[in-house]
Amino acid sequence: MENWYKEAVVYQIYPKSFCDSNGDGIGDIQGIVSKLDYIKELGINTIWLSPCYKSPGDDNGYDIADYRAIAPEYGTFDDFMQMLDGIHKRGMRLLMDLVVNHTSDEHNWFCESRKSKDNPYRDYYIWRDPVDGHEPNDWKSNFGGSAWEYDETTSQYYLHLFSKKQPDLNWENEKVRDEIVDMMNFWLDLGVDGFRCDVINLISKDFSSPVAGDGPKLHEYINLLNKRALAPHNAMTVGEVWDLSPEESLALTEPSRNELSIVFQFEHMSVGRDKGQRFTIDTFSPKKFVDILAKWQYGLANKGWNAICIENHDQPRCINRFGNTDKYRYESATMLATLMYCMQGTPFIFQGQEFGIINPTFNSLSECRDIEAINAYPELRKKYDEAEVLRRFSMDSRDCGRAPVPWNNNDNGGFTTGTPWIKLNDRYSDINAETDIKNEKSVYNYYKKLLALHSENQTMLYGEFILDKSSDSLCSYVRSGSNGKYRIILNFSDKECKNEYPFNNDQVILSNYIFDDNKILPAYAAIIIKI
Ligand code: TEU
Ligand code: CA
């Protein structure tokens, strides 16, 4: 199938936190192998694996020291091939993480590059002279501070849009482009099926702009990767791009352009944050959230394709942000899933989301691991006391999604027999995969039914999307296509609301309550009806 990405149902694995097979407290490839049946059983046909390459781990693997080597803490190359084979044998596909905006400073290219101005690898990275004794411009690193680091050996600055240990590659250099194409073909030739492309809009820089990225050669570079690596392998790609409009998304994905298959949009993830900034708090408006999703449904209709995502390794758990972790955990988790995965687009599910994991609580900075939170701490402490900063980290730091997956109610949720590299959520004895699978009314069993409906129903896959109602409680949309019409009815609040779309119980395809009176919808009700 040429456009197989449209029928992909993707499960994201963050290897460090997924499953530890050897008791060192770190998830690994054999841990993944042991869970392939579990993933398949959920209704997944594609796995996206966050980086598992050799890395010093400054940004948990998004700082790559060797693009062609597996990190020893995750296993061997043979383990990797066994996993790939196991994925394919089960009729699933594998997307690797393609992190090519930057490498680790411990990558051999950078070790050479920083040695001297005439080193053959010098132009693999972006080096600039100081301007009046200062940084070349005022670009900021995503992890705080200047994006420029002064290197004494050659008295120049290098650019790093993330940590200092993640120098940006110089895509202007043809040799860099050739190296990346070769590396992509290396994985594709081994049988890998595609890539999730990390911060892909940053690879071309616009030096005249106050913010880096979306440079003039972006489309040219992606088109080149498409022609020389992706298209010949019919590979799927999903680009990670922040702050883009539907028009910009189409410019990267319209099939005639031969660039990417789809890109994520994270606009809805900013609702509830002040100006979209992390660690800030704004009132959460369900209406705004649904309206943004609808804008993207309409914006890409018949021209592009959505990537439907509400959690990943950079985000806290969706129940904490948009639902209710205590009284209505099941109801809000399943309502959010219904809202998202009945829309048109490829579902992305982050490990543990399928059984309603919630954020851990961080009680001290020493429990936090993420470079973004640790770097932000001193500035936040100037504004808030210790308890408030930790409360914000427990709500909104990237570590929230990175807590280990609890598989059962054994010690450490069965994630490891050793000491986990980061703490688990304390409620793992009741929120874990095994308990949820056994419980008929559970987030896991609802996800399984919902994903089956998504995959087996032509209307759910390809049908038109029509928004009828968005508000801070009742929301409703219709999907209409070759397999008939369906209405999705949701109560996006923790109070009862009036239902404007009455139905008979025999119309119900899936719902998270059993209804006697359908004129009143209980908190976080979600119903899919045939109309
Ligand atoms: O994320 C890019 C990115 O923009 C976020 O890290 C962002 O800076 C942050 O969430 C804002 O609060 C990608 C990866 O998903 C992330 O894990 C990496 O750290 C980053 O790129 C660098 O490779
Ligand atoms: Ca391990």
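The numbers here are math on the coordinates, done by the rules we state, and not lab data. Please read all numbers here as calculations on a predicted model, not as lab measurements. Glycine also receives a Cβ, built like all others from the backbone with ideal geometry; neighbour counts cover every protein chain displayed.
Please enumerate, by chain and number, the lysines with C-alpha under 29 Å from the C-alpha of LYS498, excluding those fewer than 8 residues away in the same chain.
LYS287, LYS288, LYS295, LYS327, LYS441, LYS448, LYS449, LYS469, LYS485, LYS519, LYS530
Return the Rg/Rh value of region 471-531, two decimal places, where both radii are evaluated on C-alpha atoms and Rh is the Kirkwood radius.
Reported Rg/Rh, Kirkwood definition of Rh: 0.95.
Need one number: nm distance between label points at PHE77 and GLU456, each 7 Å from Cα along Cα→Cβ, rounded to one decimal.
In this crude label model, PHE77 to GLU456 measures out at 4.3 nm.
Counting other C-beta atoms within 10 Å, and keeping those with at most 10, which DSSP coil GluC sites (Glu not before Pro) do you find in region 402-471?
Hits after loop and neighbour filter: GLU440.
Tell me, how many Å apart are the Cα centres for region 200-242 and for region 472-493?
After rounding, the separation between the Cα centres reads 35 Å.
Fewest to most neighbouring Cβ within 10 Å: what's the order for VAL211, VAL290?
Ordered from fewest to most neighbouring Cβ atoms within 10 Å, VAL211, VAL290 come out as VAL211, VAL290.
Can you list residues whose amide H is under 5 Å from ASP151's amide H, if they're 5+ apart or on another chain and H is modeled 1.01 Å from N?
Hits under the 5 Å cutoff: GLN156, TYR157, TYR158.
Tell me which residues come under 5 Å, amide H to amide H, from THR237 once H is placed; ignore anything under 5 positions away on its chain.
PHE195, SER261, ILE262
How far, in nm, would the chain grow between PHE284 and LYS441 when pulled straight, counting 0.36 nm per residue and subtracting the alpha carbon separation?
Working it through step by step, the gained length comes to 53.7 nm.
Give the share of C-alpha pairs in each 5 angstrom bin for region 141-250, from 0 to the last occupied bin, in whole percents, shortest bins first.
Here the calculated profile for region 141-250 is 2, 10, 18, 22, 19, 15, 9, 4, 1, 0.
If one computes the Cα centroid of region 408-463 and of region 160-182, what distance in Å separates the two points?
Between the Cα centres of region 408-463 and region 160-182 lies a distance of 37 Å.
According to a simple spin-label model (label point 7 Å from Cα along Cα-to-Cβ), what is the distance in nm between GLU496 and THR153?
7.1
Going by average Cβ neighbours within 10 Å, how do the peptides 214-222, 309-317 rank, with the highest at the top?
Most protected by this proxy first, the peptides run 309-317, 214-222.
Please give me the summed charge of the neighbours of PRO167: other residues whose Cβ is under 11 Å from its Cβ, Lys and Arg +1, Asp and Glu -1. Mind showing how you got there, number by number?
Numbers: positive: ARG114, LYS164, LYS165; negative: ASP63, ASP105, GLU106, GLU149, ASP151, ASP168.
Once all neighbours under 11 Å are counted, the net charge is -3.
Starting at 0 and stepping by 5 Å, how many percent of the alpha carbon pairs of region 20-135 end up in each bin?
2, 11, 17, 17, 16, 12, 8, 6, 5, 4, 2, 1, 0
Would you mind giving the three semi-axes, in whole Å and largest first, of the ellipsoid equivalent to region 204-317 according to its Cα gyration tensor?
So the three semi-axes of region 204-317 are 27, 18, 13 Å.
Quick one, what does Rg over Rh come out to for region 410-498 if you take C-alpha atoms and the Kirkwood Rh?
A ratio of 1.14.
With angles folded into 0 to 90 degrees, how steeply does helix 329-341 sit against the dominant principal axis of the chain? Use alpha carbons for both and round to 10.
For helix 329-341, the angle is close to 70 degrees.
Given an 8 Å cut-off on Cα distances and at least 6 residues of separation, report the relative contact order of the chain as a percent. Kindly include the intermediate steps, with their values, before the conclusion.
Working: 1109 pairs, mean separation 67.9, N = 531.
Computed value for the chain: 13 percent relative contact order.
When the helices in the chain are scored as -39500 (n - 2.57) per DSSP H run of 4 or longer and the sum is shared across all residues, what 222 nm value do you end up with, to the nearest 500 deg cm²/dmol?
Roughly -8000 deg cm²/dmol at 222 nm, from the helical runs in the chain.
Taking H as built 1.01 Å from N, whose amide H comes closer than 5 Å to the amide H of LYS423, not counting residues under 5 places away?
none
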